[in-house]
1. Contact order normalised by length for segment 11-391, with contacts defined as Cα pairs under 8 Å and 6 or more residues apart; what percent is it?
2. For TRP293, TRP157, TRP108, TRP315, what ranking results if the residue with the fewest other Cβ atoms within 10 Å of its Cβ goes first?
3. Calculated FRET efficiency, ILE83 and ALA378, Cβ-Cβ r, R0 41 Å, to nearest 0.05?
4. Shape call for segment 508-567 from the C-alpha gyration tensor, a ≥ b ≥ c root eigenvalues: rounded (a/c under 1.5), prolate (a/b greater than b/c) or oblate?
5. Based on other C-beta atoms within 10 Å, arrange TYR118, TYR502 from fewest to most.
6. With the cut-off at 18 Å, tell me which of the pairs LYS150/LYS322; LYS494/LYS598; LYS119/LYS150; LYS422/LYS494 have Cα atoms farther apart than that.
7. Evaluate the charge dipole of segment 87-239 about its Cα centre and quote only its size in Debye, nearest 20, assuming +1 on the Cβ of each Lys and Arg and -1 on the Cβ of each Asp and Glu.
8. For the charge dipole of segment 11-391, defined by +1 on Lys and Arg C-beta atoms and -1 on Asp and Glu C-beta atoms about the Cα centroid, which residue among GLY56, LEU101, SER243 has the Cα displaced farthest towards the positive pole?
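What follows draws every value from the coordinates through simple rules; no lab data is involved. The structure presented is a predicted model; accordingly, all values stated were derived computationally and were not measured. Ideal geometry is used to build each Cβ from the backbone, glycine not excepted, and the neighbour counts take in all protein chains shown.
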Amino acid sequence: MSLRFGDNSGLTNIVDPGNPSSMDFRKDINGLRAIAVAGVVLFHLQVGPFPGGFVGVDMFFVISGFLMASIARRNVEVGGFSIPGFLAKRMQRIYPALAVLTLACIVWAGWSYLPGDYKHLARVATNALTFRSNVGFAGDVGYFQPDAQKSLFLHTWSLSVEAQFYLAFAVVCGATWANRRRQAKVFGHILLLTLGVASLAWCLTQSISNPTAAFYLFPARAWEFLVGGAVAVFPTRRLTIMSRSLLGILGSLLVIVSLVYIDAQQPYPGWRAMLPVFGIAFIIAAESGPASWLLSVVPLQFLGRISYSVYLWHWPLILAYKERFGVAPVGLGAVGLMVGSVAFGWISYRYIEQPTRRSWSGRAVVGGMLTAIVAGFAFSGVLSLTDGWPRRLPEYLQPAVAAMENPNSRADECSRNVDGTKNSPGDFCAIGADVAPTMMLWGDSFADRLQPATSDIAKQLGISGIVATEGGCPPFRGKVFKGSGAEVFSGCEKYANFVFDYFERTPTINFVVVAADWQRYEPGYEGDVLKQIGQILASRGGQMVFVGMVPNPRGDVPHEWARRQFQAGQSIPEMTVPLDDQADLYQHGARLSAAALKIGNVTVVDPFKALCSGNVCYTVKDSVPRFSDTDHLSAAGVQQLIPALDDAMRRSFAAVRVSAR
């Protein structure tokens, strides 16, 4: 069947949600918008038996594909299709509300986001304004992962996919459908069909091998738009009334199954996306019947008209609630957010969508877009230059900002990167006194944090040392293996063996300070490596200072502390974790050091004694965080260790001197 563009019989398929009085307005499609946005909102609020509510986005894609193809058909038939005009109309519909939402999110985050988070948010905001946030999220974490759920702009991935479809579809239509030659129009149909099949095939394969990319990226979603477009291009006017009713009922059943039985634990989109996609396509194709009548009820019509703005505002409102109160909304909180989403959606529709749609010209839309994009990049640049503009935060949050800084000012210079490379000349950095090195600071990023303190103590003792630290790489020897912890970063094996060989062939090194995030490493194997180090040192009359297991704060301390203070609106001077929860870690550290301790030349520095008291371990004490993230000690945390480290190094060095006599 070929499409004759002189045939106007399908033009009543056009929907203008901003003009429900239009003779072309279809209430069933407006009702479908309401079902789609309700599914997404209920899913994000975890309300009702709708674990598949996120498929509402797929429904929007089908509806959009249908509308865009219908609009393109009408414009081609009257000889008025142009790529710039088509795209300007689309931007006139979606961009003003998006720009206002973006500004609101930036303002909200400015009250409480720590500098690094604020800089990241600004970058994500520019991605949203340039319709590439889906690409950014695809390179990050999956849509359903906890880290992704913390982004105010997570939901804009679908707007980016939609805008990418607008551009691709406009180019194809401009090159084929708008061409007066029949062959070009036929080629356009074939091209879109081919692209749709290729997109579906890519979606099916990538949903298994690379589900994050399949979820976010346009190539895996294009077929959903094109299914809707096919309904517009090939109208179903020849179907009987009974056939339309059955088609609408079948589509409704597919949509219900999608909402109730699909969930976030299953690979998606993949073949499961066919359920909501074809369900919506069948309902649109039916045009009339029981499904269409039900979709025409007044509440759905109201929600359908404001569905775009409701979608825009619902997620930032939910996330702002979680950030302010520290809990997921339930009960009255969830009801309040549903009402709030509709209220904000109506305000956005009434005072942003409608006025700009009626009065803004294409030139005004383009100018507004460019202004918003330039402003977004400029603001992101300012945040980069000001390190996230920390002074915007209240005074009680400033200690959280300071705690995130690495206390080792020479970290970039001395600590190896995770690929084993070093940012300064030479194999090692020197610390301590200006004499021949006899000491070594050895370990991963935990040892790196101790470099300033170790250097100061060594200088007081009149000795010099070298720094052998690499992030995620403990003292190690041989081949890394799964579960050792050392296999996480590719550069660890080569660098660790290089360091061990250097230590083994350098007899002047007779004093070693070892520190690491021991909870990450296998105690049997790593304990044996420590034993070997101790044995080599014993043969030289040397000593080892072993900095043991550091308590686990059970969360990102600066962020959690800042969040709690933001919720309270004031400083919270103390945060703790129960000591009982740390028993497994303490035993893990004891197993690591047990073999080396039997040699008799090992002194243990116990961070638990420095950071814990009574039944708790302090993550914040006297309004100062002792951790800079989820595990590393802050400058204040290191300060707590210095007395024990100083004592251990002095006693060990004294033992080395006695042995040397």
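1. Working: 551 pairs, mean separation 109.3, N = 381.
It rounds to 29 percent for segment 11-391.
2. Details: TRP293 14, TRP157 27, TRP108 18, TRP315 22.
Sorted ascending by nearby Cβ count, the order is TRP293, TRP108, TRP315, TRP157.
3. Values: r = 29 Å, r/R0 = 0.70.
Efficiency, from the Cβ-Cβ distance: 0.90.
4. On the way: a/c = 6.14, a/b = 2.74, b/c = 2.24.
Verdict is prolate for segment 508-567.
5. On the way: TYR118 23, TYR502 15.
Ordered from fewest to most neighbouring Cβ atoms within 10 Å, TYR118, TYR502 come out as TYR502, TYR118.
6. Numbers: LYS150/LYS322 9 Å; LYS494/LYS598 29 Å; LYS119/LYS150 14 Å; LYS422/LYS494 13 Å.
Listed pairs above 18 Å: LYS494/LYS598.
7. Working: 14 positive and 5 negative charges, 187 e Å.
Charge dipole, segment 87-239, about its Cα centre: 900 debye, nearest 20.
8. SER243
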